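Note sheet for the following structure.
The values are calculated or read from the model by the stated rules, or taken from the named source; none is laboratory data. Quick caveat: nothing in here was measured; it's all calculated off a predicted structure. Because the Cβ atoms are built from the backbone with ideal geometry, glycine has one as well, and the counts that use them run over all protein chains shown.
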Amino acid sequence: MVDWHRAQRGRIGEDQSHCNASWYREEAARRELDIPIYGVPVQTRELFGVLHLKGFVIDDTVFYSGASLNNVYLHKLDKYRFDRYHLIRSPELAEAMAGFMAEQFFNDPAVFRLDKPTPSTRSIRKEIRQLRDKLSHSQYRPDPRMRLRTSWRSAPSSASARATG
């Protein structure tokens, strides 16, 4: 899942046709792939200091980063930036988050696959408003019988973080 609006917007100064959503469609057609990439229309505008948090659920691990996942942000001047992400190993948390995403997004009429032809944002405005309203009242629902066990890997001490940055 990715941000619906950001994925359909080109980089500053570039043609609108050069956006992530068009690349997803081109790669799916060119390579005959069926890897669903869902666009979730949450925010319409960004202003000033916006937190661009990335979250991944992989097996029993949740990975959060405020940085883009590439060598520019996570690796700088031969130093690895441990202060740019949190890695949480917790089957219960991963299951709760994956369940939340499936429940809230996969069958919602405002959420479309970006690797396939999509409607215009304007044509689904009503559905987007309904999704935002639904999300404002939603919450994670972990199984109450589960005991949350986690293993963290996060930022080192402030001194170590400054030394790497």
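On the given criteria, is L51 exposed (fewer than 10 other Cβ atoms within 10 Å of the Cβ), in contact with a Gly (Cβ under 9 Å, 6 or more places away or on another chain) and modelled with pLDDT under 65? Can you show your working first?
Details: exposed (fewer than 10 other Cβ atoms within 10 Å of the Cβ): yes; in contact with a Gly (Cβ under 9 Å, 6 or more places away or on another chain): yes; modelled with pLDDT under 65: yes.
The answer is yes for L51.
Please find, within region 54-68, the residue that is modelled with the lowest pLDDT out of those that are over 16 Å from A102 (Cβ atoms) and surrounded by 13 or more Cβ atoms within 10 Å (Cβ to Cβ). Break it down stepwise before answering.
Going through region 54-68, the residues over 16 Å from A102 (Cβ atoms) turn out to be 54, 60-61, 63-68.
Subsequent filtering for residues that are surrounded by 13 or more Cβ atoms within 10 Å (Cβ to Cβ) retains 54, 60-61, 63-67.
On the way: K54: 79, D60: 92, T61: 92, F63: 87, Y64: 82, S65: 79, G66: 72, A67: 66.
Among those that are over 16 Å from A102 (Cβ atoms) and surrounded by 13 or more Cβ atoms within 10 Å (Cβ to Cβ), it is A67.
Cβ-Cβ under 7 Å, sequence separation 6+ or interchain: first residue in region 127-146 and assigned to a helix (DSSP H, G or I), partner surrounded by fewer than 12 Cβ atoms within 10 Å (Cβ to Cβ) and at pLDDT below 75. Which pairs?
Listed by first residue and then by second, the contacts come to nothing, as the list is empty.
List pairs: first residue in region 31-43 and within 13 Å of N20 (Cβ to Cβ), second residue of a type in the set (F, W, Y) anywhere in the structure, Cβ distance under 8 angstrom, at least six positions apart or on different chains.
So the pair list comes out as I37/Y24; Y38/F105; Y38/F106; Y38/F112; G39/W4; G39/F112.
When region 17-40 is examined, which residues are found to be within 16 Å of the chain's Cα centre (by Cα), outside any helix (DSSP H, G or I) and surrounded by 14 or more Cβ atoms within 10 Å (Cβ to Cβ)? Show your work before the answer.
Our first condition is that a residue be within 16 Å of the chain's Cα centre (by Cα); within region 17-40, this holds for 20-21, 24, 35-40.
The next check asks that each one be outside any helix (DSSP H, G or I); those that pass are 35-40.
Matches in region 17-40: I37, Y38, G39, V40.
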